[in-house]
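> Dropping a structure here in structure tokens format, bear with me for questions.
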Amino acid sequence: MSNMNTNSPSRVSRRDFIVSASLTAAAFGLAPSYLSAASQNLVEKARQSGASAKITTQNLRANVNALIGSGGNIGVLTGPDGKLIVDSGYSGSQKQIADALASICGDPIKHLINTHWHFDHTDGNEWMHSAGAAIMAHQNTKKHLSTTTRVEDWNFTFLALPSGAIPIDVFDAEKTIHLNNANITLKYYGPAHTDGDISVYFAEADVLHTGDTWWNGYFPFIDYSTGGNIDGMIKAAEGNLSMVTDKTIVVPGHGPIGGKNQLIEYRDVPVTIRDRVGALKERGQSLDEVVAAKPADTYDAKWGKSFVNGDFFTKLVYKGVGPNKQT
Ligand SMILES: [Zn+2]
């Protein structure tokens, strides 16, 4: 386990980038062709990867750290009020995550924030709640975790979580909390990756956790089954840019820690592909015709290495643009 000191996003080393990017690919990415493999399920396979996940701990600034390697990136604020954690990873990684948390300091786990309801950000809720965490989230996150929820694009139906794993402290638009001598602002994006995405901003450390509204170096998944859509994802990408300066350290839902420059680079990808796909759909092209036109091709080699390759991202965009768009 490494404990790297990064005072600004630009100081995240090339080695960190490679390590965390490959961990993300291993933990969630799998082969792009994976979705077509009927015998296996993306969700089950990703959950299985939790048991062998290796957690990298990165000190971001002051008392804010990131744990990378089990599902979505995890944020950790330490201090006298106990640890506040952002997202809980896979449950199969409980031991590794608990060890990583203990290696930062001995503060007990007291608070957990879920950036949205997806399993790779909430499967660890149950053990973290048992360890002492009160769970906060957007009200729609609580709604999805409280009931049977199907994600069509993952071909998977999730059961309700046990009661202790469900957020009790929910909000709608915005919430500010004061803990560990820090001001922490939770802000709802509106429908984007799901219908319950929030950002978590640590003001004193100037660290922003974007949840899955930002995938650093990967085409993002968009969950239309629970209220996500491409226009909302682009709006969230603009919103993230408006919340940062050159000094802000930004924790994406997936991919390595970054900053403003990477947020700008990312935003242009969905904007360009939405414009291309939208123009083709307006001309009356079918989904198959648009996918065959390869509108994401120029980005695929760099951004298509997770389970969302260029063709899959094109399908996700197609749903949310032009005639009969799904929002
Ligand atoms: Zn997600």
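> Look at Val308 and say whether it is modelled with pLDDT of 95 or more and touching a strand residue (DSSP E or B) at 6+ places or on another chain (Cβ under 6 Å).
no
> Just checking, how many residues over segment 90-144 are of a type in the set (A, V, I, L, M, F, W, C), part of a strand (DSSP E or B) and out of contact with any Phe, Trp or Tyr (no Cβ under 9 Å at 6 or more places or on another chain)? First the steps, then the outcome.
Taking segment 90-144 first, the residues of a type in the set (A, V, I, L, M, F, W, C) are 97-98, 100-102, 104-105, 109, 112-113, 117, 119, 127-128, 131, 133-137.
Still in the running and part of a strand (DSSP E or B): 109, 112-113, 134-137.
Narrowing the set further to residues that are out of contact with any Phe, Trp or Tyr (no Cβ under 9 Å at 6 or more places or on another chain) leaves 109, 112-113, 134-135.
Matching residues across segment 90-144 total 5.
> A follow-up question, please. Step by step: first the residues of segment 96-110, then only those that are closer than 18 Å to Ala165 by Cβ and either of a type outside the set (Val, Ile, Thr) or out of contact with any Lys or Arg (no Cβ under 7 Å at 6 or more places or on another chain) (or both), then the one that is surrounded by the most Cβ atoms within 10 Å (Cβ to Cβ). Which residue is that?
Ile97
> Which pairs turn up if I take residues in segment 121-146 that are without any contact (Cβ under 8 Å) to a residue 60 or more places away in the chain and β-branched (Val, Ile, Thr) and look for partners that are more than 16 Å from the ligand (Cβ to nearest atom) and assigned to a helix (DSSP H, G or I) with beta carbon separation below 7 Å, at least 6 apart in sequence or on another chain?
Within 7 Å, the pairs are Ile135/His129.
> Taking into account only those residues within segment 36-55 that are part of a loop (DSSP other than H, G, I, E, B) and loosely packed, with under 15 Cβ neighbours inside 10 Å, which is modelled with the highest pLDDT?
Per the stated criteria, the residue is Gln40.
> For segment 231-245, enumerate the residues that are in contact with a Phe, Trp or Tyr (Cβ under 9 Å, 6 or more places away or on another chain) and either of a type in the set (Phe, Trp, Tyr) or in contact (Cβ under 8 Å) with a residue 60 or more places away in the chain (or both).
Within segment 231-245, just Gly232 meets the criteria.
> Checking the conditions here, which among Gly75, Gly132, Gly82, Gly124 is within 16 Å of the ligand (Cβ to nearest atom), small (Gly, Ala, Ser) and out of contact with any helix residue (DSSP H, G or I) (no Cβ under 8 Å at 6 or more places or on another chain)? It would help to see each step written out before you state the result.
Numbers: Gly132 fails: within 16 Å of the ligand (Cβ to nearest atom); Gly82 fails: within 16 Å of the ligand (Cβ to nearest atom); Gly124 fails: out of contact with any helix residue (DSSP H, G or I) (no Cβ under 8 Å at 6 or more places or on another chain).
Just a single option satisfies the conditions, and that option is Gly75.
> Tell me the residue from Phe119, Phe156 that is within 16 Å of the ligand (Cβ to nearest atom), surrounded by fewer than 18 Cβ atoms within 10 Å (Cβ to Cβ) and among the aromatic types (Phe, Trp, Tyr), please.
Numbers: Phe119 fails: surrounded by fewer than 18 Cβ atoms within 10 Å (Cβ to Cβ).
None of the other options fit; the residue is Phe156.
> When you check Leu84 against the structure, is it touching a Ser or Thr at 6+ places or on another chain (Cβ under 7 Å), modelled with pLDDT of 95 or more and not small (Gly, Ala, Ser), yes or no?
Spelling it out, it is not the case that Leu84 is touching a Ser or Thr at 6+ places or on another chain (Cβ under 7 Å), modelled with pLDDT of 95 or more and not small (Gly, Ala, Ser).
> All but one of (1) assigned to a loop (DSSP other than H, G, I, E, B); (2) touching a residue at least 24 places away in the same chain (Cβ under 8 Å); (3) surrounded by fewer than 15 Cβ atoms within 10 Å (Cβ to Cβ); (4) not acidic (Asp, Glu) hold for Asn261, so report the exception by its number.
(1)
The values are calculated or read from the model by the stated rules, or taken from the named source; none is laboratory data. Bear in mind that the values here come from a model prediction, so they are computed numbers and not experimental data. As a convention, Cβ positions derive from the backbone with ideal geometry for all residues, glycine included, and neighbour counts pool all protein chains shown.
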